1. Mind sorting Arg173, Arg182 by how few other Cβ atoms lie within 10 Å of their own Cβ, fewest first?
2. List, in order, the whole-Hz ³J(HN,Hα) value for each residue of the stretch 143-159 obtained from phi through the Karplus relation with A = 6.51, B = -1.76, C = 1.60 and θ = phi - 60°; use x for Gly and Pro.
3. Compute log10 of I(q)/I(0) for the chain with the Debye formula, placing one identical point scatterer on every Cα and leaving out solvent, at q = 0.09, 0.14, 0.15, 0.18 Å⁻¹, to two decimals.
4. Would you compute, from DSSP H runs of 4+ residues alone, the mean residue ellipticity of the chain at 222 nm, taking -39500 (n - 2.57) per run and dividing by the full residue count, rounded to the nearest 500?
5. Computed over the Cα atoms of the stretch 96-162, what is the convex hull's projected area averaged over all directions, in nm²?
6. Would you please give the residues with an amide H less than 5 Å from that of Thr81, counting only those at least 5 places away or on a separate chain, with H modeled from the backbone geometry?
7. If you take every residue apart from Arg11 with its C-beta less than 10 Å away from the C-beta of Arg11, what net charge results, scoring Lys and Arg +1 and Asp and Glu -1?
8. I'd like the orientation of helix 11-20 relative to the chain: the angle between its Cα long axis and the longest Cα principal axis, in ° from 0 to 90, rounded to 10.
Amino acid sequence: MKGASCRGVDRRVLAARIAQDIPEGSYVNLGIGAPTLISNYLPGDLDIVLHTENGLLGMGPEPTAAEVDPDLINAGKLPVTELPGAAYFHHADSFGMMRGGHLDICVLGAFQVSQAGDLANWHTGDAGAVPAVGGAMDLAIGAKQVFVMMDLLGRDGTSKLVAECSYPLTAARCVSRVYTDRAIFDVTRYGLAVIEVLGDSSVEHLREVTGLDLIDAVPKHPAATAVGSAS
C-alpha cells in the first residue's frame, strides 16, 4: 500500500534508538549500510562487543578523518576503529562464530519483512540487479536475536512491512524486532505489534500505510519499552 505523507526520524536518530536496546555483555554484528551507524551511539561504559564478518571482534565507532586506517575496514569496506582488546581472525572463523550461535544480536537492513518475521534482504528479483547474499543468511539463522533497521516505505511509497514477502527470502521467521523511521515493531505469534511510534506517526497511520492489522502495544510510558516486551 502506498504511504501518505508523514514525518519520520532520520537514520542517525534511529541508530541511537537501537543502541538503547542493546544490553551490556552482548556480542553484536552490525550489517552493512545504515546499521553501522549504531556503533557511534553505544555507551562507552557498557561492555558491548561488536563483530564484523570479515574477521574483527572489538570494533569501535566510525573513525575521524585523522583516524582512518585503510587496512582496518568492516564487511562493507568502510573504515572502522578498534577498541582495546580487539582481535583479528580468519574469515572462516568469523563465519563459525555466526553460524555457531555465538552472537547475541545482529542488526540487518531489509527490502521486506513479513508479519511472520520472514526476512528478504539480498535480492529484489530485478534481473538487472546483482544479488548480494554476503553473510546475511548465516547471521539471520545464527544470531540469537535479529533486529532489522530500515525505512518503513520504499522509494515508491510501498510498505516494506508486508503480509508475505514477494522477494527471495534470506531466512524464514528469523526477525524478532523491526526498527523503522516511523515506528518500532515486535514480531509476535499474533502478528506485528507496534511498541513505539516515531516522528509524527500514529498506529492508525501505520495501519493505513502498511495495510496490515497491526497490534497496538504502545505503552503509556514509552521509556518503559524493553526488548522482548511483546511476545
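Read-outs: derived from the displayed coordinates by stated rules, not from any lab. Bear in mind the structure is a predicted one, so any value in this text is a computation, not a measurement. Every residue, glycine among them, receives a Cβ derived from its backbone with ideal geometry; neighbour counts consider all protein chains shown.
1. Details: Arg173 14, Arg182 25.
By the 10 Å Cβ count, ascending: Arg173, Arg182.
2. Going residue by residue, I get 6, 5, 9, 10, 9, 10, 10, 7, 6, 5, 10, x, 4, 8, x, 8, 5 Hz, with x marking Gly and Pro.
3. Summing over Cα pairs of the chain leads to -0.36, -0.88, -1.00, -1.39.
4. Working: 4 runs with 34 residues, N = 231.
Mean residue ellipticity at 222 nm (helix-derived): -4000 deg cm²/dmol.
5. Values: hull surface 19.6 nm².
The orientation-averaged projected area of the Cα hull of the stretch 96-162 comes to 4.9 nm².
6. Amide H neighbours of Thr81: Gly60.
7. On the way: positive: Arg12; negative: Asp10, Asp151, Asp181.
Every neighbour counted, the sum reads -2.
8. 80 degrees
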